[in-house]
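The values are calculated or read from the model by the stated rules, or taken from the named source; none is laboratory data. Here the structure is a predicted model, which is why all the values come from computation and not from measurement. Please note: Cβ atoms are built from the backbone with ideal geometry, for glycine as well, and neighbour counts cover all protein chains shown.
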Protein chains: 2
Amino acid sequence: MKEKINIGYIGLGRRGRGMLKACFSQMKDVNVKTICDVSEERIEMGKQLVLEKGGYTPASTTDYHVILADPEIDAVVIMTGWSGRIAIAKESMLAGKYTAIEVGCADTLDECFELVETYEKTGVPVMMLENCCYGRREMMLLNMIKQGLFGELVHCTGGYQHYLPDEDLFKNIDTEDPPHYRLPHYIKENRENYPTHELGPISKFLSINRGNRMVRLNSIATKSVALNEYSAQRFGADSKYATMEYAQGDIVNTIITCANGETILLTLDTTLPRSHYSRNISVRGTKGMSMEDRRVVYLHGITPEKTQDNEAEFFEKYDHPLHREYEAMGTRGGHGGMDWLVCRAFVESVKNGTDTPIDAYDTAAWLCIGCLSAESIRQNGAPVDIPDFTNGKWKDREPAVKGKYCLDEIFEDLSTPIF
Amino acid sequence: MKEKINIGYIGLGRRGRGMLKACFSQMKDVNVKTICDVSEERIEMGKQLVLEKGGYTPASTTDYHVILADPEIDAVVIMTGWSGRIAIAKESMLAGKYTAIEVGCADTLDECFELVETYEKTGVPVMMLENCCYGRREMMLLNMIKQGLFGELVHCTGGYQHYLPDEDLFKNIDTEDPPHYRLPHYIKENRENYPTHELGPISKFLSINRGNRMVRLNSIATKSVALNEYSAQRFGADSKYATMEYAQGDIVNTIITCANGETILLTLDTTLPRSHYSRNISVRGTKGMSMEDRRVVYLHGITPEKTQDNEAEFFEKYDHPLHREYEAMGTRGGHGGMDWLVCRAFVESVKNGTDTPIDAYDTAAWLCIGCLSAESIRQNGAPVDIPDFTNGKWKDREPAVKGKYCLDEIFEDLSTPIF
């Protein structure tokens, strides 16, 4: 067990800096040894924030190979844009570094297979930093599910329902060149481009890769009209962004069918105006249900019917032990603690030399949804098989890691504090 | 224009009696001339309630051909079980009677084509009594949509989310033989078996059959476990209903793609316990949205973000003219007025000798979803084409009927009262 680990940190865009600032730079058992970006300006910002939050200045490089070649670095965190991340992750694993990657989609199925092959060949863990797996609502539901309170699970929904034109896609478009890294994807691709915020936790609810697996998906997209209309209003009807063609349908619904007969409905919903952000998490079982958009948890025969807005009482009763600890400790990191907790889960795995609670198989299974959904959309929603990256081992795989960060079982682990 | 019409009424089960009692028997311009059921007991109940509510006793028969052969009867209302309704409807149209049928699904695509052919051959209108088209929320949304307040529509959702084991499927199972007519369908069939409560209004939102049409669907079902678990609890683990196999998946999601690029997500959700009844109506457009389960209406740039439970103010402002009239008149009929209004829409058409606001093409298009969804489910959600019953006429069809009951345009028609 290591007392303190050295990490290399690749990618200092908005999200990269955010996670560095709120989480890694503030951890007493983490030394951010070297940071990396192609932009010197971003590197400066990164150095500044580690100094501010951690009290020290990391080394830096514009070439991530410098990080991979450094024998003192234990782990690498990859926060670059959507494309290219997996290639760096493979190199990192081949260099023997524990590897974390930000959430996203693979461009091709091959990348996903290569990630798993690299893991199997090297034995080096790789973890998608899917923060929403450690969200408070998601963990409470996981806790209740593992206690059997919802009975046999039958269906889950989730979505990335977040209006992005102002916030991401066209933010700073007048001053930044190139534009936000997501925009070219909306121009070129039509797919479920951001499934993991909901699919991550739902996979854990449904024991995917550990007793269950995703077998196939059907994906159907609407027309694409929102970004043209938005751009016409903001930039003028004749502007470049108002007149170009966007491949991305405004709403994409994807239905995944699991080996044990459950279905998962995913909704990508990022371009049309909406009243509120939602991950639309809902769980349906033979004994009860939950529904984020109504803030309701319902246990049949216990909860009164027509109840709504009763989540608070369930948080009180069924908060996941990790969140109880976290709340007691005082909030740190962004997004209600889940950023902090997912980073801690990775750091603890590195320190303990164990596998990661979101492992190579989980990461590959979640990454592949993007390109498979594109394939299904092209075929009018025809079923597309989801590969079994475990090659049959899903039937009786044990949790990759025990202890409080495990997402496959619930541990009341009070032996060591969160950090 | 007729002052008073004679109707024949076929099918006196729970719903048949309900609509007779709350609506037709109380209308001063309707004479329920003859009622029909295979059960003499039900006929007695029917006579009793017409006497009670209408002050007169209708004739009766156990053979619906008696009704069809009666030259004094202007219109026939068919409220029999799911199967067989369409065959009676065709006979009724061939007999020259205006024909209304209760909501439901066709068993075969042929039935739907035959219904349309009969309409085209005879010119006799047929109308599905889809009460939810006249629901207050649905009509307010229709009003707002036709005013362009949501911008260009892109996606709608709807569901029949109603926990049925106690209420329908196994109600009176110990005393009634045969059991509720829906139960055998759940044993034999796996499909979207009840789409029209949501698809009816959504079709009107999206101008289906009048400028738009449904092109294809993909349908995916979960496993079926709820009815076994329910039955084990209620009747014992070894009981007939606990050990039999149910074909019907517990949740069925169906995505319909329209000619103009919109998608419609339908959810059948009738066997798993849930906190509340919902038709899950939501509308997404380039300028705004609505969401039944959150009781929110949101107009971008107008409504504050993160709003919820603000439907009331929209009802105040955008209630459909017909509902304003209805509310002013004082509530009649069941289900918040929509039963009354859909029956009035039919009766007015008969009196005026016009087509019906839900016409033969609408009826066929909504009826066919059941069997097409079964086909798609069998093929793992593969796309299944939805026929164009209008044979190309959908592109520029006018509303079938003008006036206050029209569901294709909005009329502030104050010339004549609701009845």
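Can you run down the residue pairs with Cβ atoms below 8 Å, 6 or more apart or on separate chains, where the first is in the range A:51-66 and farther than 19 Å from A:LYS97 by Cβ and the partner is part of a loop (DSSP other than H, G, I, E, B)?
A:LEU51/A:THR57
Looking at A:LYS53, A:LYS33, can you tell me which residue is at pLDDT 95 or above, under 22 Å from A:ILE418 (Cα atoms) and of a type in the set (D, E, K, R)? Can you show your working first?
Details: A:LYS33 fails: under 22 Å from A:ILE418 (Cα atoms).
None of the others qualify; the one that does is A:LYS53.
Against the conditions (1) crowded, with 18+ Cβ neighbours inside 10 Å; (2) touching a Gly at 6+ places or on another chain (Cβ under 8 Å); (3) in a helix (DSSP H, G or I), where does A:ALA242 fall short? Just the number, please.
Tallying (1) crowded, with 18+ Cβ neighbours inside 10 Å; (2) touching a Gly at 6+ places or on another chain (Cβ under 8 Å); (3) in a helix (DSSP H, G or I), A:ALA242 fails exactly one: (1).
Being in contact (Cβ under 8 Å) with a residue 40 or more places away in the chain and among the basic types (Lys, Arg) is the filter; apply it to the range B:291-345 and report the residue that is farthest from B:CYS406 (Cα to Cα).
Per the stated criteria, the residue is B:ARG332.
Just wondering, is there one or more residues in the range A:229-238 that are closer than 28 Å to A:PRO165 by Cα and crowded, with 22+ Cβ neighbours inside 10 Å?
First, pick out the residues of the range A:229-238 that are closer than 28 Å to A:PRO165 by Cα: A:229-238.
Next, only the ones that are crowded, with 22+ Cβ neighbours inside 10 Å stay: A:230-231.
There is at least one residue in the range A:229-238 that is closer than 28 Å to A:PRO165 by Cα and crowded, with 22+ Cβ neighbours inside 10 Å.
Conditions (1) of a type outside the set (Ser, Thr, Tyr); (2) surrounded by 18 or more Cβ atoms within 10 Å (Cβ to Cβ); (3) in the same structural domain as A:ILE264 (by TED's automatic domain parsing), marked per residue:
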{"position": "A:VAL283", "(1), (2), (3)": "yes, yes, yes"}
{"position": "A:GLU292", "(1), (2), (3)": "yes, yes, yes"}
{"position": "A:ARG295", "(1), (2), (3)": "yes, no, yes"}
{"position": "A:ASN310", "(1), (2), (3)": "yes, no, yes"}
{"position": "A:PHE314", "(1), (2), (3)": "yes, yes, yes"}
{"position": "A:GLU325", "(1), (2), (3)": "yes, no, yes"}
{"position": "A:GLY337", "(1), (2), (3)": "yes, yes, no"}
{"position": "A:SER349", "(1), (2), (3)": "no, yes, no"}
{"position": "A:THR363", "(1), (2), (3)": "no, yes, yes"}
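From the set of residues in the range A:132-189 that are farther than 24 Å from A:VAL342 by Cβ and polar (S, T, N, Q), which is nearest to the other protein chains (Cβ to nearest Cβ)?
Taking the candidates together, the pick is A:ASN172.
In the range B:240-252, how many are in contact with a helix residue (DSSP H, G or I) (Cβ under 6 Å, 6 or more places away or on another chain) and either more than 14 Å from every other protein chain (Cβ to nearest Cβ) or under 19 Å from A:THR263 (Cα atoms) (or both)?
The total comes to 5.
Exactly one of (1) at pLDDT 95 or above; (2) out of contact with any Pro (no Cβ under 7 Å at 6 or more places or on another chain); (3) polar (S, T, N, Q) is unmet by B:SER83. Its number?
For B:SER83, the exception is condition (1).
Are any of the residues in the range A:224-232 within 30 Å of B:ILE377 (Cβ to Cβ), modelled with pLDDT of 95 or more and of a type outside the set (Phe, Trp, Tyr)?
Going through the range A:224-232, the residues within 30 Å of B:ILE377 (Cβ to Cβ) turn out to be A:224.
Now drop any that are not modelled with pLDDT of 95 or more, which leaves A:224.
Among the residues that remain, those that are also of a type outside the set (Phe, Trp, Tyr) are: A:224.
Yes: the range A:224-232 contains one or more residues that are within 30 Å of B:ILE377 (Cβ to Cβ), modelled with pLDDT of 95 or more and of a type outside the set (Phe, Trp, Tyr).
Please enumerate the residues belonging to the range A:50-88 that are buried (at least 20 other Cβ atoms within 10 Å of the Cβ), more than 25 Å from A:VAL116 (Cα to Cα) and among the aliphatic types (A, V, I, L, M).
Selection gives A:VAL50 alone.
Out of all the residues in the range A:300-323, is one or more within 21 Å of B:ARG274 (Cβ to Cβ), basic (Lys, Arg) and within 7 Å of chain B (Cβ to nearest Cβ)? Break it down into steps so the answer makes sense when it comes.
Narrowing the range A:300-323 to residues within 21 Å of B:ARG274 (Cβ to Cβ): A:300-315, A:317-318.
Within this subset, residues satisfying the condition of being basic (Lys, Arg) are A:306, A:317.
Subsequent filtering for residues that are within 7 Å of chain B (Cβ to nearest Cβ) retains A:306.
Looking through the range A:300-323, at least one residue is within 21 Å of B:ARG274 (Cβ to Cβ), basic (Lys, Arg) and within 7 Å of chain B (Cβ to nearest Cβ).
So which pairs qualify, if the first residue must be in the range B:214-230 and more than 8 Å from chain A (Cβ to nearest Cβ), the second must be of a type in the set (Gly, Ala, Ser) and not in a loop (DSSP other than H, G, I, E, B), the Cβ gap must be under 8 Å, and the two must be at least 6 apart or on different chains?
Note: pairs meeting the criteria are B:MET214/B:SER203; B:MET214/B:ALA365; B:LEU217/B:SER373; B:LEU217/B:SER376; B:SER219/B:SER373; B:SER219/B:ALA374; B:SER219/B:SER376; B:ASN228/B:ALA242.
I'd like to know if the range B:280-292 contains one or more residues that are within 9 Å of chain A (Cβ to nearest Cβ), under 18 Å from B:LYS146 (Cβ atoms), charged (D, E, K, R) and under 27 Å from the mean Cα position of the chain (by Cα).
Yes, the range B:280-292 contains a residue that is within 9 Å of chain A (Cβ to nearest Cβ), under 18 Å from B:LYS146 (Cβ atoms), charged (D, E, K, R) and under 27 Å from the mean Cα position of the chain (by Cα).
What's the number of the only condition in (1) surrounded by fewer than 20 Cβ atoms within 10 Å (Cβ to Cβ); (2) closer than 22 Å to A:SER282 by Cβ that A:ASN193 fails to meet?
Just one mismatch for A:ASN193, condition (1).
Of the residues B:ILE173, B:ILE202, which is part of a loop (DSSP other than H, G, I, E, B) and among the β-branched types (Val, Ile, Thr)?
B:ILE173
Looking at the range B:196-217, which of the residues that are charged (D, E, K, R) and either closer than 22 Å to A:GLY381 by Cβ or within 16 Å of the chain's Cα centre (by Cα) (or both) is surrounded by the fewest Cβ atoms within 10 Å (Cβ to Cβ)?
Initially, the range B:196-217 is screened for residues charged (D, E, K, R), giving B:198, B:204, B:210, B:213, B:216.
Adding the requirement that they be either closer than 22 Å to A:GLY381 by Cβ or within 16 Å of the chain's Cα centre (by Cα) (or both) leaves B:198, B:204, B:213, B:216.
Working: B:GLU198: 29, B:LYS204: 25, B:ARG213: 25, B:ARG216: 19.
This residue is B:ARG216.
I need a count of the residues in the range A:105-148 that are surrounded by fewer than 24 Cβ atoms within 10 Å (Cβ to Cβ) and outside any helix (DSSP H, G or I).
Final tally of qualifying residues: 6.
When B:SER275 is evaluated against the numbered criteria (1) on the phi < 0 side of the Ramachandran plot; (2) more than 9 Å from chain A (Cβ to nearest Cβ); (3) in a loop (DSSP other than H, G, I, E, B), which criterion, by number, is the only one it fails?
Here B:SER275 clears every test but (2).
Can you name the residue in the range B:259-270 that is farther than 22 Å from A:GLY159 by Cα and more than 9 Å from chain A (Cβ to nearest Cβ) and is also farthest from the chain's Cα centre (by Cα) among such residues?
The initial filter retains those residues of the range B:259-270 that are farther than 22 Å from A:GLY159 by Cα, namely B:259-260, B:270.
When the remaining residues are screened for being more than 9 Å from chain A (Cβ to nearest Cβ), the result is B:259, B:270.
Details: B:ALA259: 23, B:THR270: 16 Å.
Only one residue tops the list, namely B:ALA259.
Can you tell me which of A:ASP177, A:ASP166, A:ASP238 is at pLDDT 95 or above and among the acidic types (Asp, Glu)?
A:ASP238
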